[in-house]
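Worksheet: the structure to be examined is printed underneath.
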Amino acid sequence: MKCAIPIIFCILLIGPACTLHAQRSAARPGDVPSAPHPKNWKDTDGRFINAHGAGILYHEGVYYLFGEIKKGITWQVPGQSWEDYRVPAGGVSCYSSRDLQQWKYEGVALSSITRPSPEGSPASPGTGDASHDLDTGRVIERPKVIYNDKTGKFIMWMHVDAKDYSYSQSGVAVSDRPEGPYKYLHSVKPNGNMSRDMTLFRDEDNKAYLIYSSENNNTMQVCLLSDDYLSPTTTYSRILVNRRREGPAIFKFEGKYWLISSDCTGWSPNAATYAVADHPLGPWKEYGNPCTGPGADTTYGAQSTFVLPLAGKKNSFIFMADRWNKLDLERSTYLWLPLTIEDGKPRITGAERTNF
């Protein structure tokens, strides 16, 4: 495997609830860890890491991992045309690390709001107001956090929805500290448009963008955020029109913008594709699958959620993905693999070392 960094990082997810089997060894800060045998992915207190649909903020030498808390009985929403499996929305967790190996649990960064569940009905916990965005009977997905230099605030955006995905909005929260707690502000349909699977991107000029699946997942949209990152502006573009893409993960390399996404196949994995642009607003041109080797046609059984640039490393990224267990979502796990740009194309490698 060709990689621009000295140590190979490759993590496969198989096993008990919220586990990640990782190859590890001692590593310097910024290195990508590896080891001769797999271990369950646990925090420094020995508890399984619970952070799905995750994103990472790198701030003042520390990596902060944010993800969906999936805990409880999985159930299927009736009357849907797809396998709409759910657990009660658990809010957003936060973990911190200086070396990408040892992860400290920082607590619940954004709390869902709960009320007792009617007997025999795991589908119904909530606030007493089922329309509240953070009701546990609803959907809180794909949290991402960026820092605003002007305001000194940490801004979290996420997909919030009804259990049947009829709500389709983006929620925003703010904190004075990277680990939170975050104060939830509101949710919006950017420029009146649906917003489902989403990610955030802050450019080198400090402009920030919200990227999300829209129009019943038939397009994606890229929307410039306000200077304080708390609201969408009217500057946006429709991209990947009629391509039905979700799971967006965006990064920048050598002046170009790269977007990895997945097809819309419910909880089942599929082949990723990548797109390239000279500006976040596009135009974007879509290409083929960035994955290589066995399992590439299903993104190694996973779905993209984030691409992490490694601090201080040129052309060295971690492709982060979720391996969903649709019948028991609490047992969904994670896949992190090296990503580099080679000959003008992104390459995700290393799955052959995970006994996939």
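The values are calculated or read from the model by the stated rules, or taken from the named source; none is laboratory data. Note that the structure is a prediction, hence the values are computed from the model and not measured. Using ideal geometry, Cβ is built from the backbone for each residue, glycine included, and neighbour counts are taken over all protein chains shown.
Here are a few things to note about the model shown:
Residue-by-condition table, conditions (1) surrounded by fewer than 17 Cβ atoms within 10 Å (Cβ to Cβ); (2) in contact with a strand residue (DSSP E or B) (Cβ under 8 Å, 6 or more places away or on another chain):
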position	(1), (2)
PHE306	no, yes
ALA311	yes, yes
SER316	no, yes
ARG323	no, yes
ASP328	yes, no
SER332	no, yes
LEU335	no, yes
LEU339	no, yes
GLY344	yes, no
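- Qualifying residue in segment 152-159 (condition: modelled with pLDDT of 95 or more, more than 19 Å from the chain's Cα centre (by Cα) and over 22 Å from PRO248 (Cα atoms)): yes
- ASP176 meets each of the listed conditions (1) within 29 Å of ALA275 (Cβ to Cβ); (2) free of Cβ contacts under 8 Å to residues at least 40 places away in the same chain; (3) out of contact with any Pro (no Cβ under 7 Å at 6 or more places or on another chain) apart from (1).
- TYR209 touching a Cys at 6+ places or on another chain (Cβ under 9 Å), of a type in the set (Ser, Thr, Tyr) and buried (at least 19 other Cβ atoms within 10 Å of the Cβ): yes
- Condition check for GLY120: of a type outside the set (Val, Ile, Thr) and either at pLDDT 95 or above or part of a strand (DSSP E or B) (or both): no
- Residue match in segment 130-142 (condition: in contact with a Leu (Cβ under 9 Å, 6 or more places away or on another chain), under 20 Å from ALA54 (Cα atoms), modelled with pLDDT of 90 or more and part of a loop (DSSP other than H, G, I, E, B)): yes
- Residue under evaluation GLY126, criteria (1) touching a His at 6+ places or on another chain (Cβ under 8 Å); (2) at pLDDT 95 or above; (3) under 20 Å from LEU329 (Cα atoms), criterion not met: (2)
- Residue list for segment 236-269, filter: without any contact (Cβ under 8 Å) to a residue 40 or more places away in the chain and in a loop (DSSP other than H, G, I, E, B): VAL241, ASN242, ARG244, GLY255, THR265
- The set of residues in segment 222-274 that are within 25 Å of VAL145 (Cβ to Cβ) and β-branched (Val, Ile, Thr) comprises VAL222, THR233, THR234, THR235, ILE239, ILE250, ILE260.
- Within segment 225-239, considering residues that are in contact with a Pro (Cβ under 9 Å, 6 or more places away or on another chain) and surrounded by 17 or more Cβ atoms within 10 Å (Cβ to Cβ), the one farthest from ASN206 (Cα to Cα): ILE239
- Lone unmet requirement of (1) closer than 26 Å to TYR63 by Cβ; (2) in contact with a helix residue (DSSP H, G or I) (Cβ under 9 Å, 6 or more places away or on another chain); (3) surrounded by fewer than 15 Cβ atoms within 10 Å (Cβ to Cβ) for PRO294: (1)
- Of the residues making up segment 143-152, just one is of a type in the set (A, V, I, L, M, F, W, C) and either surrounded by fewer than 24 Cβ atoms within 10 Å (Cβ to Cβ) or not in a strand (DSSP E or B) (or both), namely ILE146.
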